[in-house]
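For reference, the structure discussed in these notes is given below.
The values are calculated or read from the model by the stated rules, or taken from the named source; none is laboratory data. Everything numeric in this text was worked out from a predicted model, so none of it was measured. Using ideal geometry, Cβ is built from the backbone for each residue, glycine included, and neighbour counts are taken over all protein chains shown.
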Amino acid sequence: MSEPSYTPPKVWKWEPGNGGRFANINRPIAGATHDKELPVGKHPFQLYSLATPNGVKVTIMLEELLALGKKGAEYDAWLINISNGDQFGSDFVKINPNSKIPALMDHSTTPPTRIFESGAMLLYLAEKFDAFLPKDHAKRTECLSWLFWQMGSAPYLGGGFGHFYAYAPTKMEYPIDRFAMEVKRQLDVLDRHLTDNKYMAGDEYSIADMAIWPWYGGLVAGVLYEAAEFLDVKSYKNVARWNEEIGERPAVQRGRMVNRAWGEPSSQLLERHDASDFDTRTQDKVAAKAEA
């Protein structure tokens, strides 16, 4: 199929509102657009996020740490509405100058420590609590290789395939075909590796699994971009097996609820300030607060 050709101008200029689901918040400059203080709760960790795949990585990690009995990992999770541009508020930009969720503050240090980029958060928490990062040199290296694989590969899935398949104002064959090919290659990479490995770093559940699962697990489960049939995800049987095993973990189930503002009400927990917030009654109170 032929598509209209496009000749780039000599110097690119920004045209606000250039189409797409997130056109109202996309811009070619960094920095804050407005003054906005961020709330600070009672716990050591303050997370400002949304339950996108990148946000879910961190809430899964925090819930897994708490499940291990690491009380120092208690956290408050505050909802950042990226559609409203909350990520461009002045306090948020001080934590993450890249204006992307999630953003994390560790108030157990003096002065408090800011952490941005979800992969950095997973590594920071793993080292701080000595958990979910293999101690064996070879396994640790394998874990970190897969962690950084995810950080480098997922933009092709999200900003590439996801954008053109699900969010672009018009469907275009070339970018969808190009990024679908790449995503299927990535799924094949994972499927081949998981043929002989229970988890990404071998037989040990780690931050590599927590990083990869929200993206690629969501894809094979059919909840990411609703593209399961298009990408024939059923053919990646080892990824499907791994996805199901990770998804059955109670901490993972809790973590994917935190800062979730869509889907069935029972799957949402807009804010998290205590373990009891997962109780439906508390959940309803938070939802009612958001609607007020």
(request) Could you tell me which of the residues Val56, Val40 is surrounded by 13 or more Cβ atoms within 10 Å (Cβ to Cβ), part of a helix (DSSP H, G or I) and out of contact with any Asp or Glu (no Cβ under 7 Å at 6 or more places or on another chain)? (result) Val56
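Report, by residue number, each residue of the range 134-174 that is of a type in the set (D, E, K, R) and under 23 Å from Tyr225 (Cβ atoms).
Passing the criteria: Lys171, Glu173.
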(request) Specify which of the listed residues (Pro214, Pro250) is buried (at least 17 other Cβ atoms within 10 Å of the Cβ), over 22 Å from Lys135 (Cβ atoms) and out of contact with any Cys (no Cβ under 9 Å at 6 or more places or on another chain). (result) Pro214
(message) Show the residue pairs meeting these rules: Cβ distance below 8 Å; 6+ apart or different chains; first residue within the range 222-246 and over 23 Å from Ile60 (Cβ atoms) and outside any loop (DSSP other than H, G, I, E, B); second residue among the acidic types (Asp, Glu) and modelled with pLDDT of 95 or more.
(response) Lys237/Asp191
(message) Can you list residue pairs whose Cβ atoms sit under 7 Å apart, with the first residue in the range 152-180 being closer than 18 Å to Val223 by Cβ and the second being aromatic (Phe, Trp, Tyr) and exposed (fewer than 15 other Cβ atoms within 10 Å of the Cβ)? Count only pairs 6 or more apart in sequence or on different chains.
(response) Tyr167/Phe22
(request) May I ask you to verify whether Ala23 is in a loop (DSSP other than H, G, I, E, B), under 15 Å from Ser83 (Cα atoms), at pLDDT 95 or above and within 21 Å of the chain's Cα centre (by Cα)? (result) no
(request) Would you point out the residue of the range 88-106, among those that are under 17 Å from Thr59 (Cα atoms) and touching a residue at least 60 places away in the same chain (Cβ under 8 Å), that is surrounded by the fewest Cβ atoms within 10 Å (Cβ to Cβ)? (result) Asp106
(request) State which residue is surrounded by the most Cβ atoms within 10 Å (Cβ to Cβ) when the search covers only the range 107-122 and only residues that are out of contact with any strand residue (DSSP E or B) (no Cβ under 7 Å at 6 or more places or on another chain) and closer than 17 Å to Ser49 by Cα. (result) Ser118
(request) List every residue pair whose Cβ atoms lie under 8 Å apart, where the two residues are 6 or more positions apart in sequence or sit on different chains, the first residue falls within the range 114-134 and is acidic (Asp, Glu), and the second residue, located anywhere, is surrounded by 20 or more Cβ atoms within 10 Å (Cβ to Cβ). (result) Glu127/Leu133
